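The values are calculated or read from the model by the stated rules, or taken from the named source; none is laboratory data. Here the structure is a predicted model, which is why all the values come from computation and not from measurement. Using ideal geometry, Cβ is built from the backbone for each residue, glycine included, and neighbour counts are taken over all protein chains shown.
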Amino acid sequence: MKISARNVLRGTVAAVKAGSVNAEIAVDLGSGDHLTAIVTLGSCTELGLEPGKPVVALVKAPWVIVMTGDSELKLSARNQLAGTVTAVETGAVNAEVVIALPGGAQVAAIITKEAVKELGLVPGVAATAVIKASHVVLGVPK
């Protein structure tokens, strides 16, 4: 299957915390990198999500926010993945920024050219990919 989501992160379910409507799924991406997803209980059941199950996390690049430096803000976004910028591809309006995580996974973000300049994003710069847990779509192998 081919998909348009730029970020395809493979991992294993580490924990499932079921609520009355949704479930919080902790995904271990390996080598210390973790991601949290919020899915409906129906999806959790249909996908058979339980600790140890292999999953694929999909995140569209425009859903990724990029931060640099130490923020004075506490964020509500569950996923704050710190890494290093490995590539910046600038277009007419936007740019794609790729952040390599310590465990080897990569996260791509689509942000404005102005944000790239303001944040000083070039290869080698430390950056954090911020992703809301509700923007993470999970899939499982058939």
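Annotations for the structure displayed:
- Candidates Gly103, Gly52, Gly83 - the one that is touching a residue at least 40 places away in the same chain (Cβ under 8 Å) and on the phi > 0 side of the Ramachandran plot: Gly52
- Exactly one residue among Glu89, Glu96 is at pLDDT 95 or above, acidic (Asp, Glu) and in contact with a helix residue (DSSP H, G or I) (Cβ under 7 Å, 6 or more places away or on another chain), and that residue is Glu96.
- For the stretch 14-51, a residue qualifies if it is under 15 Å from the mean Cα position of the chain (by Cα) and aliphatic (A, V, I, L, M), and the qualifying residues are Ile25, Ala26, Val27, Leu29, Leu35, Ala37, Ile38, Val39.
- Scan of the stretch 1-25 for residues that are surrounded by 18 or more Cβ atoms within 10 Å (Cβ to Cβ) and among the aliphatic types (A, V, I, L, M), ordered by number: Leu9, Val13, Ala23, Ile25
- Considering the stretch 106-142, the residues that are under 10 Å from the mean Cα position of the chain (by Cα) and among the small types (Gly, Ala, Ser) include one that is nearest to Leu73 (Cα to Cα), namely Ala129.
- Hey, Glu46 closer than 16 Å to Val13 by Cβ and modelled with pLDDT of 95 or more or not: yes
- The residues of the stretch 15-49 that are of a type in the set (A, V, I, L, M, F, W, C) and either in contact (Cβ under 8 Å) with a residue 40 or more places away in the chain or in a loop (DSSP other than H, G, I, E, B) (or both), listed by number, are Val21, Ile25, Val27, Leu29, Leu35, Ala37, Ile38, Val39, Leu47, Leu49.
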